[in-house]
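To start, the structure itself, in structure tokens.
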2 protein chains.
Amino acid sequence: MPMIVYGDSRSGNCLKVKWTARRLGVPLEWREVDIMTGFTRTPGYLAINPAGQVPTVILEDGRPLAQSNAIILHLAEGSALIPEDAYARARMLEWMFWEQYSHEPAIAVARFRMLFQGLPRGELDPKLVERGAAALARLELGLQASPFLAGDRLSLADISLVAYTRWAHEGGFDLVSYPATREWIGRVERALDITD
Amino acid sequence: MPMIVYGDSRSGNCLKVKWTARRLGVPLEWREVDIMTGFTRTPGYLAINPAGQVPTVILEDGRPLAQSNAIILHLAEGSALIPEDAYARARMLEWMFWEQYSHEPAIAVARFRMLFQGLPRGELDPKLVERGAAALARLELGLQASPFLAGDRLSLADISLVAYTRWAHEGGFDLVSYPATREWIGRVERALDITD
């Protein structure tokens, strides 16, 4: 039985799993979940993920796993997507935890408010906009220093961060001031065969 | 030169690093940082951590590393604090990413508002209180199933989650309804020799 992914195709967190599996040649069965219908709050879904979030995967042996970054770390163990050097690996993890704490809660949430809830840009919480701009500036600084986040090669940090950065404009963030970030997005999309 | 930790002793994120290093016998030099003075926004500090957050460590070889969970994962590589079993290790990471996304931003932030900013409990954002209660309920569910978060033994997931859970009352959250969580806090504090 291949791995089953419960995911919403409009969610960057879910696409991280799809891209990582494709890159590694891991077969998966994608089960499309519309996060706006309340399905993730049904007893059946909460039984596999009590946090009620997507993505959740059911591994080949039937055991569930949640949290996008934990899932891709599990899938990619022993692969070239995780640097062999201990410090580069630690920096990759630093970026991945930063993504979930400082980037996703601003960049993805602004997009959710506008795209899913129909809020005009001008009505976004100014603190959210400020946090998003700070996250993009910090990312740009990192990408001015190296072509990929954890050094010279693509790693899970790039997969994790590109997911919502490439959609930042849908949350009203203009990437025109972040040239290193824009070049990096193209580089990562090409490496992962992201065409949509 | 031992590892240097820039940390605020009132920050659970910083104490994770102290406890992990002590457990592993890794020497460290603690440099106390008061997060309320603006020191983490000075050019000198931003040069070692552009995100301006604590903790940041300077490793033995002089290279910086940030994000509490990335730091403890780096310190504990190859130790008994990281399960050997691949699935247990993935679940440990699931809890650690969940901590930074769903637990810390509610439990630690409520405490920050009350303890550092002097806000009365009744003036906390109701959504913050709701998110914190949901996080504690989800944690309790996990701890009803096993004595430690990633199975039968102490792991980094316990260190990560206990940091702010043991202080939840300082953010106005009463743990009386969470008996498995209270027992687990005692178990983890004893295992880590936390006496303060």
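The values are calculated or read from the model by the stated rules, or taken from the named source; none is laboratory data. Since the structure is predicted, the reported quantities are computational estimates derived from the model, not experimental observations. When we count neighbours, we look across all protein chains shown, and the Cβ atoms used for this are built from the backbone with ideal geometry, even at glycine. Only protein heavy atoms, including side chains, enter the accessible area calculation; ligands, DNA and RNA are left aside. Shrake-Rupley method; radii C 1.70, N 1.55, O 1.52, S 1.80 Å.
When the criteria are applied in full, A:Ala47 meets the requirement of being modelled with pLDDT under 95, of a type in the set (Gly, Ala, Ser) and exposed (fewer than 15 other Cβ atoms within 10 Å of the Cβ).
What about B:Arg113, is it more than 12 Å from chain A (Cβ to nearest Cβ) and basic (Lys, Arg)? Full working, then the answer.
On the way: more than 12 Å from chain A (Cβ to nearest Cβ): yes; basic (Lys, Arg): yes.
Spelling it out, B:Arg113 is indeed more than 12 Å from chain A (Cβ to nearest Cβ) and basic (Lys, Arg).
Report whether or not B:Ile107 is within 14 Å of another protein chain (Cβ to nearest Cβ) and outside any helix (DSSP H, G or I). No; evaluated as a whole, the condition is false for this residue.
May I ask you to list the residues in the range B:116-140 that are surrounded by 15 or more Cβ atoms within 10 Å (Cβ to Cβ) and either in a helix (DSSP H, G or I) or touching a Pro at 6+ places or on another chain (Cβ under 8 Å) (or both)? Scanning the range B:116-140 gives B:Leu128, B:Val129, B:Arg131, B:Gly132, B:Ala133, B:Ala134, B:Ala135, B:Leu136, B:Arg138, B:Leu139, B:Glu140.
Among residues of the range A:141-155 being without any contact (Cβ under 8 Å) to a residue 24 or more places away in the chain and within 14 Å of chain B (Cβ to nearest Cβ), the one that is surrounded by the fewest Cβ atoms within 10 Å (Cβ to Cβ) is A:Ala145. Taking the criterion of being open to solvent by 10 Å² or more (accessible area, probe 1.4 Å), in a helix (DSSP H, G or I) and not aromatic (Phe, Trp, Tyr), the residues of the range A:156-177 that qualify are A:His169, A:Glu170, A:Leu175, A:Val176, A:Ser177.
Among the residues of the range B:50-68, those that are out of contact with any His (no Cβ under 9 Å at 6 or more places or on another chain) and either open to solvent by less than 10 Å² (accessible area, probe 1.4 Å) or at positive phi (or both) comprise B:Gly52, B:Pro55, B:Thr56, B:Gly62, B:Ala66, B:Gln67, B:Ser68. The numbered conditions (1) surrounded by fewer than 17 Cβ atoms within 10 Å (Cβ to Cβ); (2) assigned by TED's automatic domain parsing to the domain that holds A:Gly52; (3) among the aliphatic types (A, V, I, L, M) are all true for A:Ile71 except (1).
How many residues are in contact (Cβ under 8 Å) with a residue 12 or more places away in the chain and either under 24 Å from A:Pro27 (Cβ atoms) or within 11 Å of chain B (Cβ to nearest Cβ) (or both) if we restrict to the range A:75-84? Working first, answer last.
To start, the set of residues in the range A:75-84 that are in contact (Cβ under 8 Å) with a residue 12 or more places away in the chain comprises A:75-76, A:79-83.
Restricting the remaining residues to those that are either under 24 Å from A:Pro27 (Cβ atoms) or within 11 Å of chain B (Cβ to nearest Cβ) (or both) gives A:75-76, A:79-82.
Within the range A:75-84, residues that are in contact (Cβ under 8 Å) with a residue 12 or more places away in the chain and either under 24 Å from A:Pro27 (Cβ atoms) or within 11 Å of chain B (Cβ to nearest Cβ) (or both) number 6.
Taken over the range A:9-41, residues that are surrounded by fewer than 19 Cβ atoms within 10 Å (Cβ to Cβ), part of a loop (DSSP other than H, G, I, E, B) and modelled with pLDDT of 95 or more amount to 5. Filter the range B:53-69 for residues that are closer than 11 Å to B:Asn13 by Cα and in a strand (DSSP E or B); which is farthest from the other protein chains (Cβ to nearest Cβ)? Among those residues, the one meeting the criterion is B:Thr56.
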